[in-house]
Amino acid sequence: MTEGASKIINDKQFAGLVKAVDENKTKVASLNGAIGERIQHAADNAHLHPAAFKLVCKLYRMDEQKRDEFLRQFDICREKAIKMGLFGEEHVGDMADMAERETQEEADAKAAEANAKALEKGIKQLPDDDAEFDDATTSKPSRKRGVGGDAPGNYKAH
């Protein structure tokens with residue numbers, strides 16, 4: 001052989017392979033079309049989810065260890081995506097919890113409104129019977145004041 005020469009397939013063999021591939025592609029397309037129609041029929045009439053079905057078919061063909069690892073990793077990734085909100089508002093939540101939360105929110109809003117109205121009216125003086133409350137009338141004296149005795153200083157008792 002001369003330098004730089006390479007072997008190539010003969011013309012007859014090459015043409016035969018091209019025709020065989022073309023025939024097989026046509027057969028495969030026909031089979032895929034028939035399977036596609038069956039899947040679509042099941043989706044329309046039997047509530048099959050085509051994308052989920054195709055994933056199961058792919059999993060079915062996988063090696064068992066690779067399939068188990070894929071599913072484990074998929075669950076981890078899915079949980080992370082949900083936690084991070086990557087799927088948006090996918091899960092609307094428990095209806096009972098949502099109703100209870102709304103009730104609590106309504107109660108909080110009413111309490112806030114009542115507090116705002118009370119603040120607008122101002123702070124009132126305590127009734128006279130509460131005004132007499134002091135350290136002498138309780139078993140637990142104030143921690144801010146000294147316990148018993150007079151503190152040094154210039155003051156007069158009223």
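So how many Lys-Lys pairs in the stretch 11-92 land under 22 Å Cα to Cα, not counting same-chain pairs under 8 apart?
9
Given labels modelled 7 Å from the Cα in the Cβ direction, how far is it in nm from Q73 to H47?
3.3 nm
Which ³J(HN,Hα) values in Hz, rounded to whole numbers, follow from the phi angles of the stretch 76-87 under the Karplus curve 6.51 cos²θ - 1.76 cosθ + 1.60, where θ = phi - 60° and Gly and Pro get x?
Residue by residue, the stretch 76-87 yields 4, 5, 4, 4, 4, 5, 5, 4, 8, x, 6, 9 Hz.
As an exercise, use a Förster radius of 35 Å and the Cβ-Cβ distance of K80 and V21 to find the FRET efficiency, rounded to the nearest 0.05.
Given R0 = 35 Å and the Cβ-Cβ separation, E is 0.25.
Given the Cα-Cα distance of S30 and T103 and 0.36 nm per residue of separation, how much length would full extension add, in nm?
20.4 nm
Under a point spin-label approximation (7 Å from Cα along Cα-to-Cβ), what is the A118-Q40 distance to one decimal in nm?
Taking the two extended label points, one gets 6.8 nm.
Semi-axes, largest first, in whole Å: what does sqrt of 5 times each Cα gyration tensor eigenvalue give for the stretch 11-92?
38, 20, 12
Each reported figure results from applying straightforward, stated rules to the coordinates on display, with no laboratory input. Here the structure is a predicted model, which means the values were calculated and not measured. Cβ: placed from backbone, ideal geometry, glycine included. Neighbour counts: every protein chain shown.
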